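Peer 1: Pasting a structure below so you can have a look.
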Amino acid sequence: MLQLVYVSSLSPQADFDPTAILATSRANNRRDGITGLLYSDKARFLQALEGPEAEVEAAFARIKGDARHRAIVLLSRRTVDTREFGDWEMAHRMPGTDADRFIERVRELTANADPNVRATFEGFVKVRDGA
Ligand SMILES: Cc1cc2nc3c(=O)[nH]c(=O)nc-3n(C[C@H](O)[C@H](O)[C@H](O)COP(=O)(O)O)c2cc1C
């Protein structure tokens, strides 16, 4: 099973509409056997995708082609035996109490990532904490 974690910014031309994003994501992910977690703070997204390799690659290719994203940086690409982000078709977290556990989890996942990736991630967390 493939697990991807990426961060991106909302395009200045796009509206923040989590309801629409989640409707499409959940329908597609249910079809494709993909689960994961989407963290958003209205300006940026942090998303984990887990599932069969070909389906996860295809979903990530669609996401990369989506004009709502301005800059996508892949933080982590791993093969996993079991799903690490739960069984949700696409869980969603906004800044608040339950976000903290998720941030800790992704910090662990990116522990071996290269320094640029880690710096990007640390920046994300700082923006969230300041929100
Ligand atoms: C922040 C964000 C997260 C997304 N997550 C997913 C996802 O997990 N799965 C998915 O299929 N599409 C996701 N999308 C939507 C894709 O970019 C794309 O619009 C969609 O997969 C196209 O599906 P369709 O061909 O069925 O319309 C996401 C879009 C955004 C902006």
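Derivation of every value follows stated rules applied to the coordinates shown; laboratory data play no part. Here the structure is a predicted model, which is why all the values come from computation and not from measurement.
Peer 1: Test of understanding: express the Cα radius of gyration of segment 2-130 as a ratio to 2.2 N^0.38 Å, with N the residue count.
Peer 2: 0.97
Peer 1: Any chance you could run the full-extension gain for Asn112 through Ser9? It's 0.36 nm times the residue separation minus the Cα-Cα distance, nm to one decimal.
Peer 2: Extending this stretch completely gives an extra 34.8 nm.
Peer 1: Next up: So between Asp81 and Lys64, what do we pick up on full extension, going 0.36 nm a residue minus the alpha carbon distance?
Peer 2: Stretched out fully, the Asp81 to Lys64 stretch lengthens by 3.6 nm.
Peer 1: Per DSSP H run of at least 4 residues, take -39500 (n - 2.57); add these up for the chain, divide by its residues and hand me the 222 nm value, nearest 500 deg cm²/dmol.
Peer 2: Per the formula, -13000 deg cm²/dmol.
Peer 1: Give, in nm to one decimal, the length gained when the segment between Ala20 and Glu53 is fully stretched (0.36 nm per residue of separation minus the Cα-Cα distance).
Peer 2: Roughly 9.4 nm would be gained on extension.
Peer 1: Further, regarding this structure: If you average the sequence gap of Cα pairs under 8 Å that are 6 or more apart and divide by the length of the chain, what percent do you get for the contact order? The partial results should precede the final answer.
Peer 2: Details: 198 pairs, mean separation 45.6, N = 131.
In percent, rounded to a whole number, it is 35.
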